[in-house]
Structures are given as structure tokens and as C-alpha cells.
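Nothing in this text is a laboratory measurement; each read-out follows from the coordinates by a stated rule. Please read these numbers as outputs of a predicted model, since none were measured by experiment. Every residue, glycine among them, receives a Cβ derived from its backbone with ideal geometry; neighbour counts consider all protein chains shown.
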Amino acid sequence: MKYLSKKNKISFSIFIIFISVLNFSCTSFTRNVNKNIEYSNKFYIGTASTDNFQILIKDILLNNDYHIEYYDNGPISSYITTRWKIRDPYQAELDKGYLDAKTKIFIQGRIKSDSFEINNRFKYECYMEVKNLVFDGNDYIIFDEDENFQNEIIKVVEDLRQKFSYTK
């Protein structure tokens, strides 16, 4: 650095800081890992084939008391949406004064463009989104902070990941 001018040293230092920040921000976005799943309302659940996508999901959702409302197949993705699962509020929800609770799950399978197989099959990259609403006396509002609710959803995610081809 002794051969660089003062202006070039500053530019070089700013460049190094920029690269460091960029590197940190890119590495901090990882998919949820099976053993230590943190709750969010969106999860990567793995890869499935077009043959077993709907069957595996239907069985796991039914085992967890979620019932499918509809399937939608598009040219590049498929969607599964559950009916609202109406349930009694968990204790933490009751403590906050919520009178009712309901949960809906949305699953999307996006076709992997490089996965075409001889039998006209593709692979799906699968994602799950959860919407949990509680009734506050006037309206339904989003509330995802109850630990029991989070554990229930994490169990569904773990069940799906066990059946799908899931890698980090």
C-alpha cells in the first residue's frame, strides 16, 4: 500500500469494506436446517417429483389435521392450499386476550428446469408458507409468536422434509 496515493488508499479501503459486507450479507441467508429449525412463516421443504408431490403432502397434512381445500397446477408450478384449521387458542394466545385461532398452509412446488426425466416427469423445489390468525374481539390478526403453535408447524415441516429429498 506504500505505492498507492492517498486517494487510491481510501478507494481501496472502501472497496475492501464493501466486499466484506457483501460477503457477510450473502452468507447469512441460509435455509432452515432440519435439526435446529427456527420458526418463520416460510420454509424450504425439499425436492419432490411430479409423481409424489400431491400424495406425500396430502398424507402428511392429514396426519397433522390439515385438510386440502384445493390443488392448482400451472405451467411452471403447482400449489396446494389447506382449509382453515380452526382450533382453540394456545395458552399464550389466551393470555393476550385472543378468543379464537385459525391456521392455513400454502405449499408451492416450482419446477426445476434442469430436472426433466424420460417419463415426462420433473422435480419440484417445494416451499411452505403458513398464515396463523387469531381473533382479538373485533377482527382476525396475524399472530405467530406462540411457542406451541410454532412447534406444531415445525413438526409439519420436519415430516415433509423426511418424505422429500431435503438437503441444506
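Going by neighbour counts of Cβ atoms within 10 Å, the residues THR50, THR81, THR167, THR103 line up, fewest first, as THR167, THR81, THR50, THR103.
The order of the peptides 92-98, 53-59, 124-130, 135-141 by mean Cβ neighbours within 10 Å, most packed first, is 124-130, 53-59, 92-98, 135-141. Per-residue Cβ neighbour counts within 10 Å put SER40, SER78, SER113 in the sequence SER113, SER40, SER78, beginning with the fewest.
How big is D, in µm² s⁻¹, for the range 120-165 by Stokes-Einstein at 10 °C and 1.306 mPa s if Rh is the Kirkwood radius over C-alpha pairs?
The diffusion coefficient I find is 122 µm²/s.
Calculated on the Cα set of the range 41-163, radius of gyration then Dmax: 16.1, 56 Å.
Hey, got the dipole for the range 41-163? About the Cα centre, +1 on K and R Cβ, -1 on D and E Cβ, debye to the nearest 20? Show your work: numbers first, answer last.
Details: 16 positive and 22 negative charges, 116 e Å.
The dipole of the range 41-163 has a size of about 560 debye.
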